[in-house]
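I have placed the structure first, in the form of structure tokens, so that the comments after it can refer back to it.
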Amino acid sequence: MRDLVKRLTGTAFYRSIFRHGFADTNRNRSLAVFTNFFLHIHAVKVRRRAIAFRRTGYLGGLSAACFFILLVTGILLMFYYRPSVPEAYHDMKDLQFVVSAGVFLRNLHRWSAHAMVALVLAHMAVTFFRGAYRPPREFNWVIGVFLMLATVLLSYTGYLLPWDQLAYWAVTVGTNMAEAAPIVGAKLKLLLLGGHTINAAALLRFYVLHCVLLPFWLVLGLCVHIWRVRKDGGIYLPPPAPSAATDEDQA
Amino acid sequence: MNEPKTFEVGPGDDARKAPVRVVVVQAEERPAVDAADEPMVMTVPHLLLRELIAFLVISLVLVALALTANAPLEEIANPARTPNPAKAPWYFLGLQELLHYYPPVISGVLLPGLLVVALVVIPYVRINLERPPLAPARRTRALVILWATLTTLVLVSYFTGSQPVWPFIGTLLVVGAGMSVGIAGRSPGRVVSWLRGRSIAFWIFSWFLLTATVLTVIGIFFRGPGWSFTLPWRDGIYY
């Protein structure tokens with residue numbers, strides 16, 4: 001088996017994609033990271049303490065995983081959805097009764113969205129209580145705050161799209177709050193809804209925000225966020241206890 | 001720049017192979033330079049494998065959830081028929097609960113706006129990030145300042161809302177009790193010394209988190225028709 005894998009990773013075709021051999025030596029493992037477009041967000045080596053589950057709970061990574069699931073299921077749902085009244089609601093019914101695995105698709109998208117909001121909030125709390133927001137990581141914390149806002153807004157704009165009673169009135173509560181803003185409130189509501197009440201224009205605007213503008217904002221911010229983790233010296237770790245470090249050195 | 005150096009200057013172990021090693025350390029903090037010599041592992045496979053496992057576990061959990069629980073779908077939107085109560089998504093129910101006490105301009109705009117500003121500036125306010133234990137002579141002064149501030153905030157919460165804002169008052173008192181033990185506690189126990197080491201930023205953030213949780217839980221479970229107080233085990237959960 002191992003020989004077969006080694007032979008395959010030695011072929012000219014494999015080498016044209018990955019310009020290194022099987023990742024069984026430290027040299028090839030290093031090349032696997034820094035010759036790979038997707039892996040280059042990581043350093044070649046990380047501190048052993050940094051990858052322990054109990055230190056971070058992997059909350060940031062799990063939020064990103066939820067976002068990936070949401071992208072995949074969201075794109076699939078877009079094939080079946082028309083952002084107009086009353087077709088939007090009829091498409092929900094089609095997902096429920098006509099489309100193969102339509103119920104599963106919508107369920108997965110909805111639960112992943114709730115999970116992502118919860119995980120992002122938990123990620124923020126853990127980051128704060130670990131003290132990881134402090135310099136030199138202060139700007140990455142600020143990016144994180146805006147990513148959290150993007151997450152909440154994504155979930156909120158998605159809430160209207162099924163166009164059922166729950167969606168309609170939940171969003172009504174939110175937009176009434178926005179209207180209360182001094183001076184700009186009424187204009188803000190008009191801009192958001194494309195009218196004075198939630199109707200077909202509002203549905204279209206929320207759809208564009210949900211499927212184009214906010215995901216773009218989130219992806220862009222997420223790239224900078226992850227890149228900054230590396231540039232700021234990896235994730236925050238409290239300074240190691242001096243005695244423990246020397247013990248390990250001697251060992 | 002009188003702080004002790006966190007890096008070593010001198011020839012490296014491999015001086016014979018690489019005899020010239022110049023390190024330039026700028027005045028600002030550079031975490032990569034500060035990093036102590038500690039055990040490292042290769043990203044491939046150690047980190048990558050953990051990321052993969054985490055992704056698979058969350059995928060399986062969500063798939064299992066999607067197979068067992070259905071997303072809600074009610075009848076088609078009808079602007080003429082308002083459900084009672086009309087509730088926002090769960091992460092906004094803290095704000096909606098706040099609407100019960102303050103007009104929308106405060107609970108829907110001012111307080112959330114202040115919150116975002118506070119979250120953004122929190123790492124730039126460098127007061128009291130690591131708190132040195134207070135000298136005995138200053139303990140009394142700290143306690144007086146603390147309780148004067150808390151009393152003011154409690155009175156403001158009591159009288160400004162359309163009714164006393166108990167979710168604010170209760171959490172203020174809890175946090176105040178924790179801070180007081182941290183300031184005045186003399187026992188060498190682990191709890192007291194842990195409380196003693198917390199910074200002001202920690203207490204403010206903890207208060208915010210506690211209050212947001214209390215408001216959200218009340219909004220989700222304890223509010224029924226007309227935003228009246230209900231008990232979830234008696235009347236069920238309204239949404």
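Quick note: the coordinates plus some simple rules give every number you see, no bench work behind them. These numbers come from a predicted model, not from an experiment. Positions of Cβ are backbone-derived with ideal geometry, glycine not excepted, and every protein chain shown enters the neighbour counts.
A few notes on this one:
- Within 10 Å of the Cβ of each residue in A:171-184, the mean number of Cβ atoms contributed by other protein chains is 5.
- Mean projected area of the convex hull spanned by the Cα atoms of the range A:2-44, taken over all viewing directions: 3.0 nm².
- Helix A:165-179 and the longest principal axis of the C-alpha atoms of chain A enclose an angle of approximately 90°.
- The range B:59-132 gives an Rg/Rh value of 1.18, both radii derived from C-alpha positions and Rh following Kirkwood.
- Cα gyration tensor, chain A - rounded (a/c under 1.5), prolate or oblate: oblate
- Phi-derived couplings, Karplus 6.51 cos²θ - 1.76 cosθ + 1.60 at θ = phi - 60°, listed residue by residue for the range B:48-56: 4, 5, 5, 4, 4, 4, 4, 5, 5 Hz, with x used for Gly and Pro.
- Counts of other chain beta carbons within 10 angstrom of each beta carbon in peptide A:130-140 average 4.
- GluC sites (Glu not before Pro) restricted to DSSP loop in the range B:58-108 with at most 12 other C-beta within 10 Å: B:Glu75
- Shape summary of the protein assembly as shown, radius of gyration then Dmax from alpha carbon positions: 26.7, 84 Å.
- Each Lys or Arg adds one and each Asp or Glu takes one away; over the other residues whose Cβ falls under 15 Å from the Cβ of B:Ser187, this sums to +4.
- Most mobile of A:Tyr14, A:Tyr80, A:Tyr89 in a GNM of chain A (Cα contacts under 10 Å): A:Tyr14
- In the protein assembly as shown, helices alone account for a calculated mean residue ellipticity at 222 nm of -18500 deg cm²/dmol, with every DSSP H run of four or more residues adding -39,500 (n - 2.57).
- Burial order of peptide ranges A:107-120, A:40-53 (average beta-carbon count within 10 Å, highest first): A:107-120, A:40-53
- Evaluated over the Cα positions of the range B:90-222, the convex hull gives a direction-averaged projected area, one quarter of its surface, of 9.0 nm².
- The range A:144-158 and the range A:90-129 have Cα centres separated by 14 Å.
- Other residues lying with their Cβ under 11 Å from the Cβ of A:Arg47 contribute a combined charge of +2, Lys and Arg counting +1, Asp and Glu -1.
- Relative contact order, percent, the range B:90-222 [alpha-carbon distance under 8 Å, six or more residues apart]: 40
- Net charge dipole size for the protein assembly as shown [Lys, Arg +1 and Asp, Glu -1 on Cβ; Debye, nearest 20]: 900
- Three-way shape call for the range A:107-251 based on the alpha-carbon gyration tensor, with the a/c threshold at 1.5: prolate
- Other protein chain Cβ atoms within 10 Å, averaged over every residue that makes up B:51-60: 5
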